[in-house]
Amino acid sequence: MPDPKGRGKPWSGRFAKKTNPLVDAYTGSLDIDATLYSHDIRASIAHARMLARQRIIPRADANAIVRGLREIEREIERGEFPFDASLEDIHTNIESRLADKIGDAAGRLHTARSRNDQVATDLRLSTKDAIEHLMGAIYDLQSALLDMAERHSSVVMPGYTHLQRAQPVLLAHHLLAYFEMLERDFNRFAACYVRTNVLPLGSGALAGVPYPLDRASVAKELEFAAISRNSIDAVSDRDFVAEFLACAAICAMHLSRLAEEIVLWSTAEFGFMEIDDAFATGSSIMPQKKNPDVAELARGRTGRIYGNLVGFLTVLKALPLSYNRDLQEDKAPLFETYESLLLTLFVMAEMLPSIRVNEEVMRAAATAGYTLATDLADYQVRKGVPFREAHQAVGKLVRYASGRGKGLSELTLKEYQRHSPLFEEDVLGLDVEASLRARDVPGGTAPQRVAEALKEARRRLATEEGENGE
Ligand code: ARG
C-alpha cells in the first residue's frame, strides 16, 4: 500500500517535492529484491576494500564500511533489520542503514559505482548460486532415475510412438532416456554459468568511472572468472537471466514429460505403476480416488516457467541502450522460476524411489498389440527380402491375425507360411526377449547394451561428483 505521506528521496538534492505515494508504490522493488541482501553486501565489501587499496577512499572509512555492512548482514539474518519500503530497493535500504551505523563514512561507499553496475553484479552473484543449486538438484534426480533403472534392469515394457505400442524395450532403457535429457540440462546450465560469471562492477552508470579501479582484484574476491569488456553492455545486459530462464524452461519441459508418463502409467487404463500414498492425494468427494497431484503440478508449473521466459524476453525486446528501469522486471521471473524448478526437481527425486512398478502388467502389454511385427519383417530381410516388401507382407499378416482376434504368437506355422513361404519353424520362437536381444547396437535396448549404459551412466555421475567436489 502506498505510504500516504509519500517518501523522502535518499538523494534528494535535485528535487523540490516528495514523490507521489502511488509512484513510490509503483516503482519500489524491496519486496522482491530483499533476498539479494547477502550478494549486495558481499559485492559492497569487495568494492570498498578495493577503493581503499587504490587510495580512492581512506582506509579507515573502508574499514568502517566493512564493519557496518557485516553488522547489517547479521541484523537481516536475525530478522532485526528495519526494512523501509519507502527506500525503494534493497541497495538503498542497506546504504541508508549503513549511514545510521557509521555516519559520514557511509557516503563514500558509492564512490565509483552506480546502482546500475551494482544491481547487475548482485544479480549475477545470485544467478550463479541458483545455477549451482539447480545443477545439484538435477544431479540428484539423475541419481534417482539411475537407481530406479538399476533396480528394474530386466523389466520389459512396450515402447511407444504416437502413444501406440511400438516395440518392446527395457524399462531401464526408457528411464535412461530421461537421464540423458537431464544430462543435457546439467550441461546447459553449466554453459549458462560461464556467461554469468563475468563482473560488471566498475562500469558505473554506463560509461565507466573516472577513478583508477582495480577491477580484476574485485573479480577475484567475488569469484568472477572475468570482467566485462564494455561498460554500456555490462549495465544493460540481462542475457544471463534470459538464458537461465531458457535452460529452466527446457529442463521443466523434460520434467513435464516424465510427470505426464507417471500420470498416464498410474491410471487403471495403463496400470504400469503405483504412486506411494505419501505422494498421492485424495478427492474431496470420491473416496476411491488416489490422484498423482505431484506429477500433475510438475506438469502444470512448466506453464509458468515458460511464461517467465517469454515474459522476460518481451521486457527486453527493443530496449534502447543502456540501463532502463524496465530491467527491474528481471528479478520476479528469475526468482520464481528458480524456486519452482528447484522444488520440482526435489519432489520428483523423492517420489521416484517410492513408485511400485507392476512388472507383469508391463510385460503383458509389451507383447500385446503386435509389437513384434517389426521383428517379423526383419526376419524376412535376413532371408534376402527388401525391407519395404517384408513390411508389406507382415502388414497383411497383422491384418489377417487381428481380423481373427489372434495375437502373433497364436498363429500356426501354416498361417505364417500362407503369407510368405520364407517363414520357417524358428519364427514360432520369436518372443520379447529375442526382440530385445536383436537390438544390439550402441544406444539400443538389447539387455547387454543397457547393462553397459547403466554402468556408463554411473561412471558419468561419479565423474561429475568429483568435479563438483562433493
Ligand atoms: N532496483 C533497480 C533494479 O532492479 C536498481 C537499479 C536502479 N537504477 C536506477 N538507475 N534507477 O534495476
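When segment 445-462 is examined, which residues are found to be open to solvent by less than 80 Å² (accessible area, probe 1.4 Å) and free of Cβ contacts under 8 Å to residues at least 24 places away in the same chain? Ala446, Arg449, Glu456, Ala462, listed by residue number. Please determine whether any residue of segment 387-406 is in contact with a helix residue (DSSP H, G or I) (Cβ under 8 Å, 6 or more places away or on another chain), open to solvent by less than 30 Å² (accessible area, probe 1.4 Å) and not in a helix (DSSP H, G or I). Scanning segment 387-406 turns up no residue that is in contact with a helix residue (DSSP H, G or I) (Cβ under 8 Å, 6 or more places away or on another chain), open to solvent by less than 30 Å² (accessible area, probe 1.4 Å) and not in a helix (DSSP H, G or I).
Looking only at residues in segment 221-259 that are among the polar types (S, T, N, Q) and outside any helix (DSSP H, G or I), the one that is farthest from Asn197 (Cα to Cα) is Asn230.
Scanning segment 56-100 for residues that are within 16 Å of the ligand (Cβ to nearest atom), under 30 Å from Pro210 (Cα atoms) and out of contact with any Phe, Trp or Tyr (no Cβ under 8 Å at 6 or more places or on another chain) yields Leu87, Glu88, Asp89, His91, Thr92, Glu95, Ser96.
Residue-by-condition table, conditions (1) surrounded by 19 or more Cβ atoms within 10 Å (Cβ to Cβ); (2) out of contact with any His (no Cβ under 6 Å at 6 or more places or on another chain); (3) closer than 30 Å to Ala457 by Cβ:
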site: Leu134; (1), (2), (3): yes, yes, yes
site: Glu150; (1), (2), (3): no, yes, yes
site: His173; (1), (2), (3): yes, yes, yes
site: Ala177; (1), (2), (3): no, yes, yes
site: Phe189; (1), (2), (3): yes, yes, yes
site: Leu199; (1), (2), (3): yes, yes, no
site: Ala216; (1), (2), (3): no, yes, no
site: Leu222; (1), (2), (3): yes, yes, no
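Take the conditions (1) over 16 Å from Gln54 (Cβ atoms); (2) assigned to a helix (DSSP H, G or I); Val218 misses just one of them, which is (1). Remark: pairs (first residue in segment 315-336, touching a residue at least 24 places away in the same chain (Cβ under 8 Å) and closer than 17 Å to Asp31 by Cα; second residue of a type in the set (Phe, Trp, Tyr) and surrounded by 20 or more Cβ atoms within 10 Å (Cβ to Cβ); Cβ separation under 7 Å; 6+ apart in sequence or on different chains) = Asp330/Phe312; Pro333/Phe312; Leu334/Phe244.
Of the residues in segment 135-162, how many are in a loop (DSSP other than H, G, I, E, B) and farther than 20 Å from Val450 by Cα?
Residues meeting the conditions: 1.
Quick one: which of Ala280, Ala295, Ala366 is touching a helix residue (DSSP H, G or I) at 6+ places or on another chain (Cβ under 8 Å), surrounded by 20 or more Cβ atoms within 10 Å (Cβ to Cβ) and free of Cβ contacts under 8 Å to residues at least 60 places away in the same chain? Outline the logic, then answer.
Working: Ala280 fails: surrounded by 20 or more Cβ atoms within 10 Å (Cβ to Cβ); Ala366 fails: free of Cβ contacts under 8 Å to residues at least 60 places away in the same chain.
After applying the criteria, what remains is Ala295.
With the condition kept exactly as written, say whether any residue in segment 73-93 is open to solvent by 60 Å² or more (accessible area, probe 1.4 Å), within 23 Å of Val235 (Cα to Cα) and not small (Gly, Ala, Ser). No, that holds for no residue. For segment 239-254, state whether one or more residues are touching a strand residue (DSSP E or B) at 6+ places or on another chain (Cβ under 8 Å), open to solvent by 60 Å² or more (accessible area, probe 1.4 Å) and over 20 Å from Thr111 (Cα atoms). Scanning segment 239-254 turns up no residue that is touching a strand residue (DSSP E or B) at 6+ places or on another chain (Cβ under 8 Å), open to solvent by 60 Å² or more (accessible area, probe 1.4 Å) and over 20 Å from Thr111 (Cα atoms). For first residues located in segment 17-34 and more than 16 Å from Glu329 (Cβ to Cβ) and among the small types (Gly, Ala, Ser), partners that are in a helix (DSSP H, G or I) and at pLDDT 90 or above and lie 6+ apart or on another chain with Cβ distances below 6 Å form the pairs Ala34/Ile90. Residue count for segment 102-126 under the criterion of being hydrophobic (A, V, I, L, M, F, W, C) and within 15 Å of the ligand (Cβ to nearest atom): the result is 4. Checked against the criterion of being within 27 Å of Val155 (Cα to Cα), touching a residue at least 24 places away in the same chain (Cβ under 8 Å) and open to solvent by less than 40 Å² (accessible area, probe 1.4 Å), segment 409-426 has no qualifying residue.
Taking every residue in segment 136-157 that is within 22 Å of Ala434 (Cα to Cα) and pairing it with any residue that is surrounded by 15 or more Cβ atoms within 10 Å (Cβ to Cβ) and not aliphatic (A, V, I, L, M), at least 6 positions away or on another chain, the pairs with Cβ-Cβ distances below 6 Å are Val155/Glu359; Val156/Pro168; Val156/Arg363. Filtered by the rule that a residue be among the basic types (Lys, Arg), farther than 15 Å from Ala34 by Cβ and in a helix (DSSP H, G or I), segment 79-114 gives Lys101, Arg108. Within this structure, Arg70 fails the test of being touching a residue at least 24 places away in the same chain (Cβ under 8 Å), more than 34 Å from the chain's Cα centre (by Cα) and open to solvent by 30 Å² or more (accessible area, probe 1.4 Å). Taken over segment 25-38, the criterion of being in contact with a helix residue (DSSP H, G or I) (Cβ under 9 Å, 6 or more places away or on another chain) and either over 13 Å from Leu222 (Cα atoms) or surrounded by 21 or more Cβ atoms within 10 Å (Cβ to Cβ) (or both) is satisfied by Ala25, Thr27, Gly28, Ser29, Leu30, Asp31, Ile32, Asp33, Ala34, Thr35, Leu36, Tyr37. Screening Val169 against (1) modelled with pLDDT of 95 or more; (2) surrounded by fewer than 19 Cβ atoms within 10 Å (Cβ to Cβ) leaves a single unmet condition, (2). Against the criterion of being outside any loop (DSSP other than H, G, I, E, B), away from the ligand (no atom under 16 Å from the Cβ) and among the polar types (S, T, N, Q), Ser340 qualifies.
If you go through segment 302-359 and keep only what is within 30 Å of Ser236 (Cβ to Cβ) and polar (S, T, N, Q), you end up with Thr302, Asn308, Thr314, Ser322, Asn324, Gln328, Thr337, Ser340.
Among residues belonging to segment 312-328 that are in a helix (DSSP H, G or I) and in contact with a Leu (Cβ under 9 Å, 6 or more places away or on another chain), point out the one that is farthest from the ligand (Cβ to nearest atom). Before the answer, list the steps.
First pass over segment 312-328, keeping only residues in a helix (DSSP H, G or I): 312-316, 325-328.
Pick out the ones that are also in contact with a Leu (Cβ under 9 Å, 6 or more places away or on another chain) and you get 312-313, 315-316, 326-327.
Details: Phe312: 13, Leu313: 17, Val315: 11, Leu316: 13, Asp326: 9, Leu327: 5 Å.
Ranking the qualifying residues of segment 312-328, first place goes to Leu313.
The values are calculated or read from the model by the stated rules, or taken from the named source; none is laboratory data. Just so it is clear, the model here is predicted, and its values are computed rather than measured. Note: ideal-geometry Cβ built from the backbone for every residue, glycine included; neighbour counts use all protein chains shown. To get the accessible areas, we keep the full protein, side chains included, count just its heavy atoms, and leave off ligands, DNA and RNA. Shrake-Rupley method; radii C 1.70, N 1.55, O 1.52, S 1.80 Å.
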